[in-house]
Amino acid sequence: MRKLVLAFAVAGILVAAYAPVSFATTTKIPFALVEVVDAELEPGEWTTTEGVLSVRGAVWHAVTTGTPAIEGTDTIVLNFDLDLATGNGELWGTDRLEPARSPGGGFDCTWHGTYVDFYWSGKLVCHGDGSLRGWQLRATIVPGGEGYSINGYYFRPSN
C-alpha cells in the first residue's frame, strides 16, 4: 500500500513540475524577406584544390526587407565547397539577424545549403535573444533577382 501511495505522490509531483511547459503556447506566423548583401566585411580564406573551390569564414553584411516585424540587418558568416566541374557542393554558416523593430534583440542563426548545377538553396534555423528571447525562426533560402528570398515562419511565444 505504501508503494502505491508513493507512486501516486511521485506522479503528482512530476505532473505539477511539467504543467507550465505543457500549457505554454506558441504563435506560428508566416514571413517573407528579400535579403540584399550590401558589404563584404571579411573576404575569408579562398582556396582551390583538385577543382574544388573552398571558402572559409567570409563575412557579409546584408539588409532584409519584407515582413516588418523581422526586417532589418543580417551579418552572415559563409563557408562553402563547390566542385567547379560539376557545379555541386555544400554551403553552411551562421548569421545574426537584427530586426529594426526589436532593439536589444536579434536572432542567432545556423544555415546549410546545397549546390546543384551551380544553383543553391538552403534552410535556416534561428533562436531569439534579448527582447526576442524565446522566439524562433525557420526558413528556406533561395537566390533570386538581386538577393535572396527567405520564406518561412517565425514562432512567437505567448502566454
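The values are calculated or read from the model by the stated rules, or taken from the named source; none is laboratory data. Remember, predicted model here, so these are calculated numbers, not experimental data. A quick note on method: Cβ atoms are made from the backbone with ideal geometry, for glycine too, and the neighbour counts reach across all protein chains shown.
Details
- Residue match in the range 77-84 (condition: at pLDDT below 95, of a type outside the set (Asp, Glu) and assigned to a loop (DSSP other than H, G, I, E, B)): no
- So Tyr119, is it of a type in the set (Phe, Trp, Tyr) and exposed (fewer than 14 other Cβ atoms within 10 Å of the Cβ): yes
- Residues in the range 85-100 that are free of Cβ contacts under 8 Å to residues at least 40 places away in the same chain and assigned to a strand (DSSP E or B): 10 in all.
- Annotation: His112 fulfils all but one of (1) modelled with pLDDT under 95; (2) under 22 Å from Val142 (Cβ atoms); (3) part of a strand (DSSP E or B); the unmet one is (1).
- One residue stands out in the range 138-155 among those that are among the small types (Gly, Ala, Ser) and surrounded by 13 or more Cβ atoms within 10 Å (Cβ to Cβ): the one that is nearest to Pro30 (Cα to Cα), namely Gly152.
- The range 111-159 - residue that is out of contact with any Ser or Thr (no Cβ under 9 Å at 6 or more places or on another chain) and small (Gly, Ala, Ser) and, of those, farthest from Ala39 (Cα to Cα): Ala139
- When every residue of the range 128-140 is checked against the conditions, none turns out to be part of a strand (DSSP E or B) and more than 19 Å from Pro68 (Cα to Cα).
- All positions within the range 56-84 that are touching a residue at least 24 places away in the same chain (Cβ under 8 Å) and more than 21 Å from Leu97 (Cβ to Cβ): Asp81, Leu82, Asp83, Leu84
- Top-ranked residue in the range 81-101 [being among the charged types (D, E, K, R) and over 14 Å from Cys126 (Cα atoms); ranked as surrounded by the fewest Cβ atoms within 10 Å (Cβ to Cβ)]: Arg101
- Among the criteria (1) out of contact with any strand residue (DSSP E or B) (no Cβ under 9 Å at 6 or more places or on another chain); (2) surrounded by 15 or more Cβ atoms within 10 Å (Cβ to Cβ), the one Gly113 does not fulfil is (1).
- For the range 45-80, a residue qualifies if it is buried (at least 17 other Cβ atoms within 10 Å of the Cβ) and farther than 22 Å from Arg138 by Cα, and the qualifying residues are Val55, Ala58.
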